[in-house]
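Right, one structure below, let's go through it.
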């Protein structure tokens with residue numbers, strides 16, 4: 001009989017979120033390095049350049065945006081369920097003792113346009129086919145050794161629009177384009193150093209947790 005992975009579904013009291021996000025503000029450097037200036041809004045930027053500070057609006061209405069300083073290369077990459085798109089993990093970083101910020105992307109490394117197709121249904125834990133807000137609430141991080149799965153914080157359970165995570169982009173991917181997404185997950189114990197980042201489109205194993 002296969003071992004069971006325990007799922008931790010964190011329910012977030014509204015008053016606690018601002019303090020938790022204070023540790024997710026990243027660095028103030030402008031995209032591309034020196035020069036200063038505002039962080040880029042990830043929901044509006046689908047470019048192929050990296051090594052930047054990006055700002056993510058959250059689906060949970062009324063909560064502050066999250067800014068994250070991304071490295072020049074992803075921490076891990078794998079293929080995805082959509083032919084022609086790679087799944088990349090760019091950041092897996094603790095925010096205090098209770099939360100982990102994950103930033104991942106879907107990337108078209110090829111020379112042909114890739115339609116999104118099943119993106120919304122696959123990335124959202126509570127996909128709404130009626131067309132209202134869909135988020136990346138289906139992302140999680142799995143500790144294979146401890147047999148635990150860490151899910152995004154939700155202000156109200158079962159309501160996708162209260163997920164402390166990004167909305168989903170539904171445009172096609174031109175060659176070289178990426179969509180970046182962020183989510184605030186429950187944190188594992190302090191001795192956990194790597195996690196597998198799981199989405200409905202694939203997973204990336206052994207991602208270092210900083």
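Would you mind getting me the FRET efficiency between residue 73 and residue 172? Use the beta-carbon distance for r and R0 = 35 Å, nearest 0.05.
Values: r = 25 Å, r/R0 = 0.71.
The pair residue 73/residue 172 has a calculated efficiency of 0.90.
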168, 82 arranged by Cβ crowding within 10 Å, fewest neighbours leading
82, 168
Sorted from fewest to most neighbouring beta carbons within 10 Å, what does the list 113, 178, 55, 94 look like?
113, 94, 55, 178
Efficiency of FRET between residue 193 and residue 121 - r from beta-carbon atoms, R0 25 angstrom, step 0.05:
0.15
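Using the count of nearby Cβ atoms within 10 Å as a rough guide to exposure, how do 167, 179 rank from fewest to most? Before the final figure, lay out the partial values.
Values: 167 20, 179 24.
Starting with the residue having the fewest Cβ neighbours, the order is 167, 179.
Each value in this text was obtained by applying a stated rule to the coordinates, not by laboratory testing. As the structure is a prediction and not an experimental result, all values here were calculated from the model. Neighbour counts are summed over all protein chains in view; Cβ atoms, including those assigned to glycine, are modelled from backbone coordinates with ideal geometry.
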